[in-house]
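Asker: Mind looking over this structure? Questions follow.
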């Protein structure tokens with residue numbers, strides 16, 4: 001189960017970051033005026049905001065059940 005959890009988490013991270021970047025870029029192009037001092041803080045904040053969900057997914061991926069040693073009776 002541990003390897004599948006890491007595989008699913010990795011795919012979720014890659015797909016989620018790609019989707020997030022697409023949505024952020026679409027919002028930025030569509031709704032923000034093309035003025036650098038307005039766009040820069042938006043992209044700075046949204047560029048860092050993906051770290052919290054990614055950290056949660058990474059912690060979930062590494063939260064594996066304890067391994068029971070073989071022949072421990």
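Please treat every number below as a calculation from the coordinates, not as lab data. Here the structure is a predicted model, which is why all the values come from computation and not from measurement. Positions of Cβ are backbone-derived with ideal geometry, glycine not excepted, and every protein chain shown enters the neighbour counts.
Asker: Which value in nm describes the separation of the simple spin-label points at residue 56 and residue 4, placed 7 Å from the Cα toward the beta carbon?
Answerer: Between residue 56 and residue 4, the label points sit 2.3 nm apart.
Asker: Write down, largest first, the equivalent ellipsoid semi-axes of the chain in whole Å, where each equals the square root of 5 times an eigenvalue of the alpha-carbon gyration tensor. Intermediate results must be reported in sequence, preceding the final value.
Answerer: On the way: eigenvalues 323, 26, 5 Å².
They are 40, 11, 5 Å, listed largest first.
Asker: I've got another one for you. Report, in deg cm²/dmol and to the nearest 500, the calculated mean residue ellipticity at 222 nm for the chain, where each DSSP H run with n ≥ 4 adds -39500 (n - 2.57) and the sum is divided by the residue count.
Answerer: Values: 3 runs with 56 residues, N = 73.
That calculation yields -26000 deg cm²/dmol at 222 nm.
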